[in-house]
Amino acid sequence: MTDEAGVLVDRHDGVVVLTINRAAVHNCVDSDAADALENAVRTFEDAESDRVLVLTGAGGRAFCSGADLKHPPRLRNAGPMGISRLEVGKPTIAAIEGYCFAGGLELACWCDFRIAGESAEFGVLNRRFGVPLIDGGTQRLPKIVGLGNALYLIETGARIGAVTALRMGLVQEVVADATALPRALELAKSIASYPQASLRADRASAIALDGIVAEAVRGEPTLGIDEMRDGLSRFRSGDRPEPPAGAP
């Protein structure tokens, strides 16, 4: 196992586990962590022996709560969160425990599918502070849950639980808390054992996207405007209004 700037990398017989290891800040991503995620995913893509990637968060309280708003990751071609604009040719799985918010939700949507602990929570909580979705959320979320469900989450900023996420199709399995990663590894090992050429071809055909660049063009100009600066000032001062409760 290696540890680079808050990201752990572990390998299990063709399966790579990336763990965002910043539990003290609910696994929020700063520039160093984003760099480490990008490096790890590029290495995964290039390594012939690596067949499936599992993305998770350390500590059990959060998968990822988004960008570290006190130390925001910089803009980059691969996406502010490090990997959202990278196209990989191999399967990816998110193993989610606890909070999966904002850019963390976008990272989960970057993965092919999602396994969640029963106490996991999801939401576009960045809506409260004027921070746009520029890590693929406007493109991937509607494709995963349908336009109505996506706009419900994007416009209200509501927090939803794992049961509602399962009903929407945001997650594919809900498991007992603390077992999302073992279940994801079980599935990953099965996937890694299959013939890979046809699997990767079918995967690529299913997930082709054409709107990521358009999202960046529309969203990035809203960074740093007055209302976002005001929202971040409120965040830093501890003024964090609760979003409306989503369906249980």
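The values are calculated or read from the model by the stated rules, or taken from the named source; none is laboratory data. What you see is a predicted model; the values in this text were computed from it and never measured. Every residue, glycine as well, gets a Cβ built from its backbone with ideal geometry; the counts of neighbours run over all protein chains shown. Note: accessible area is taken over every heavy atom of the protein model, side chains too, but ligands, DNA and RNA are not part of it. Shrake-Rupley method; radii C 1.70, N 1.55, O 1.52, S 1.80 Å.
The number of residues in the range 32-65 that are within 22 Å of Ile115 (Cα to Cα), not small (Gly, Ala, Ser) and not in a helix (DSSP H, G or I) comes to 10.
Residues in the range 114-142 that are within 12 Å of Ala165 (Cα to Cα), open to solvent by 10 Å² or more (accessible area, probe 1.4 Å) and out of contact with any strand residue (DSSP E or B) (no Cβ under 6 Å at 6 or more places or on another chain): Ser119 only.
For the range 202-240, how many residues meet the condition of being in a loop (DSSP other than H, G, I, E, B) and either closer than 26 Å to Pro142 by Cβ or modelled with pLDDT of 80 or more (or both)? So the count comes out to 9.
For the residues Asp10, Asp3, the requirement of being part of a strand (DSSP E or B), surrounded by fewer than 22 Cβ atoms within 10 Å (Cβ to Cβ) and at pLDDT below 95 singles out Asp3. Residues in the range 143-158 that are open to solvent by less than 60 Å² (accessible area, probe 1.4 Å) and farther than 15 Å from Ser84 by Cβ: Val145, Gly146, Gly148, Asn149, Ala150, Leu153, Ile154, Thr156, Gly157, Ala158. The residue of the range 13-43 that is surrounded by the fewest Cβ atoms within 10 Å (Cβ to Cβ), among those that are under 23 Å from Pro182 (Cβ atoms) and of a type in the set (Gly, Ala, Ser), is Ala23.
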